[in-house]
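The values are calculated or read from the model by the stated rules, or taken from the named source; none is laboratory data. Please read all numbers here as calculations on a predicted model, not as lab measurements. For neighbour counting, all protein chains shown are included, and Cβ atoms are generated from backbone atoms with ideal geometry for every residue, glycine included.
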Amino acid sequence: MVDSIAGILVAKTPSTAVVDLHGFRLQLYIAVPTYERLPEPGSPVELLAYLHVREDILALYGFHSLEQREMFRLLTSISGIGPRSAIGILSGTGVETFKERIIAGDVKALTVIPGIGPKTARRIIVELKEKFVADAEEILPVSPAVTAEQKTLVNDVIAALQALGYKRSQAVRAVQEVEQSGELSGNLEDLIKRTLSKL
């Protein structure tokens, strides 16, 4: 498997990047968020990669982060979503925002993303929601000292912070810091204020 491509960036567009590996030039298909992070042509660059193999084609796809590549793999595992469609979806949204919409089961918000209609949105939610919810629960504070009541409070704090515009991952990290400092107590308002101070 091709894990990454490192070389000199020769050219870039919002959908492709050409990288020179000692005279051997490779074209990678990319999403817009990756394009926005690329340096100017002539600069060293490294992209995580995925090699898509079919009977009639070999295509390389490039990514700026592990999270983006993993989302690409998950999307292409869903019936009816090919690599080009997955790249198109990733061009229309950030990975964290996309996950949050799936966890919320928000079909309407997903259909705003180019390439996703109502049927595809529902299919994505059915296929991926359970996994993302399980992943999110795994990163909640799990200290033996955290009671069931505190866990409920933590979920309320995270939901409140997301409503304020913070990403779920940011909210979870902040709550973890509060828990580690032994300040996971008080009412919801106090805990929100305490957690905000960590952001």
Query - Where Val45 falls short, out of the listed (1) within 24 Å of Ala6 (Cα to Cα); (2) touching an Asp or Glu at 6+ places or on another chain (Cβ under 9 Å); (3) crowded, with 18+ Cβ neighbours inside 10 Å - result: (2)
Requested in this report: Select from the stretch 44-89 the residues that are more than 11 Å from Tyr29 (Cα to Cα) and basic (Lys, Arg) and write down the one among them that is farthest from the chain's Cα centre (by Cα).
Outcome: Arg54
Report task. Taking Glu137 as the residue in question, decide whether it is modelled with pLDDT of 75 or more and among the acidic types (Asp, Glu). Result -> no
Report task. Being outside any strand (DSSP E or B) and under 24 Å from Thr97 (Cβ atoms) is the filter here, so list the residues in the stretch 24-47 that pass it. Result -> Ile30, Ala31, Val32, Pro33, Thr34, Tyr35, Glu36, Arg37, Leu38
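Per-residue answers, yes or no, for (1) in contact with a Lys or Arg (Cβ under 7 Å, 6 or more places away or on another chain); (2) in the same structural domain as Pro114 (by TED's automatic domain parsing); (3) closer than 16 Å to Ser65 by Cβ:
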{"position": "Val10", "(1), (2), (3)": "yes, no, no"}
{"position": "Ser15", "(1), (2), (3)": "no, no, no"}
{"position": "Gly23", "(1), (2), (3)": "no, no, no"}
{"position": "Leu28", "(1), (2), (3)": "no, no, yes"}
{"position": "Tyr35", "(1), (2), (3)": "yes, no, yes"}
{"position": "Leu38", "(1), (2), (3)": "yes, no, yes"}
{"position": "Pro41", "(1), (2), (3)": "yes, no, no"}
Report task. Kindly establish whether Leu110 is among the aliphatic types (A, V, I, L, M) and closer than 22 Å to Met1 by Cβ. Result -> no
Query raised in the report: When only residues in the stretch 51-102 that are among the polar types (S, T, N, Q) and in contact (Cβ under 8 Å) with a residue 40 or more places away in the chain count, which is farthest from Thr13 (Cα to Cα)?
Result: Ser79
